[in-house]
Amino acid sequence: MTTGTASPALEVRGLVKRYPVKGGLFGGGRVVHALDGVTLSLVHGETLAIVGESGCGKSTFARCVVRLEEPTAGSVLLNGADITRLGARALRPLRRHMQIIFQDPYASLNPRYSIASLVGDAMRLRGISGRKERRRRVAELLETVGLGAEFLDRYPHELSGGQRQRVAIARALAAEPEVIVCDEPVSALDVSIQAQVINLLKRLQKRFGIAYVFISHDLSLVRHISDRIAVMYLGQIVELADTSAVRARVLHPYSQALFSAAPVADPGATARKKRIILVGEVPSPIDPPRACRFHTRCPYRQDICAEKAPELRPVEGRLVRCHFAGEPGFPPMPAQEAAMHG
Ligand code: SF4
């Protein structure tokens, strides 16, 4: 795995997020288990993708990591420094090392400010105080992200979706971060623009050594751009592996079903793939199963699956949360047909 000896840019240990259920007849005292013990790390210059169905907790994870939400338990370390419980003042100088880019750049860019102000603000926080100097550097950054100095005095509403996302990226870069959490950064953009923004992110990573946590529901894209992939189900990681290993084969039954629905580069291979349709009830995150969280939908469940929770454990050079992962021929045949050759 890519986790080697390099020191991690970001370490997340046992992250838990629970929300109290408000109101309603049965609301009192009940909690939504949005994240349950998520542990992972990433090194400088690496892209770690997080995938899973909507509601699996991936966006909550993004928001807790950058402290837009307070985790219920667990810790987040940035370059070895624990930022989990720092107050606003202590967090400020560290915060710039980790930025977030959202799906909807329009919502994240204040429409009342010019592009020069929006991007320059992050520089002001970095101590670049002269307005002229900031403007010069913002113009440079706008060039870096494929816009030009002519955008300095424009406002978000004057830009296209792709241009706005480039401004959001420029604003993140202005802080000179080591980690950028990208929460579905291209899913609101046209396909042709998506490719441009992805190429831009990859170029910037190469140039500045930035590590990305890349949250996406687009499995083809994820296979293309990430070094490692974490698959989440109901607030837990169920498989964490190098992307090359995922391309060859996935070992968790949920990953198998998830990736069986994703198109691959070769249209013939896509046509030959057998899509695994999951049946069975999706458990509520308010009261997730105490045993294997996937057992209500898993085609291979056994009695033990409804009784005992599987640990996330090393299997064939990756981490998998399933009692049977690693047994010969598991998961059974559809895995061959669902194998990815992207
Ligand atoms: Fe399926 Fe059982 Fe493995 Fe859970 S532990 S994924 S129910 S086989």
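Observations, loosely collected:
- So residue 237, is it buried (at least 16 other Cβ atoms within 10 Å of the Cβ), touching a residue at least 60 places away in the same chain (Cβ under 8 Å), more than 16 Å from the ligand (Cβ to nearest atom) and within 19 Å of the chain's Cα centre (by Cα): no
- Test: residue in the range 137-147 that is without any contact (Cβ under 8 Å) to a residue 60 or more places away in the chain, open to solvent by less than 10 Å² (accessible area, probe 1.4 Å) and assigned to a loop (DSSP other than H, G, I, E, B): yes
- Residues within the range 248-300 that are within 16 Å of the ligand (Cβ to nearest atom), among the aliphatic types (A, V, I, L, M) and at pLDDT 90 or above, tallied: 5
- Within the range 20-28, not a single residue is assigned to a loop (DSSP other than H, G, I, E, B), within 22 Å of residue 211 (Cα to Cα) and at pLDDT below 95.
- Single residue of 83, 100 found to be open to solvent by 20 Å² or more (accessible area, probe 1.4 Å) and in contact with a strand residue (DSSP E or B) (Cβ under 7 Å, 6 or more places away or on another chain): 100
- Residue among 283, 263, 310 that alone is touching a Ser or Thr at 6+ places or on another chain (Cβ under 8 Å) and either open to solvent by less than 30 Å² (accessible area, probe 1.4 Å) or within 28 Å of residue 13 (Cβ to Cβ) (or both): 283
- The single residue among 179, 145, 186 that is among the hydrophobic types (A, V, I, L, M, F, W, C) and modelled with pLDDT of 95 or more turns out to be 179.
- Filtered by the rule that a residue be more than 25 Å from the chain's Cα centre (by Cα) and either of a type in the set (Gly, Ala, Ser) or not in a loop (DSSP other than H, G, I, E, B) (or both), the range 88-119 gives 89, 90, 114, 115, 116, 117.
- Options 218, 227; residue that is open to solvent by 10 Å² or more (accessible area, probe 1.4 Å), modelled with pLDDT of 95 or more and more than 12 Å from the ligand (Cβ to nearest atom): 227
The values are calculated or read from the model by the stated rules, or taken from the named source; none is laboratory data. Treat the numbers as computed from the prediction; the structure is a model and nothing was measured. Positions of Cβ are generated from backbone atoms using ideal geometry, with glycine treated the same way; all protein chains shown enter the neighbour counts. Surface accessibility is based on the protein's heavy atoms, side chains included, excluding ligands, DNA and RNA. Shrake-Rupley method; radii C 1.70, N 1.55, O 1.52, S 1.80 Å.
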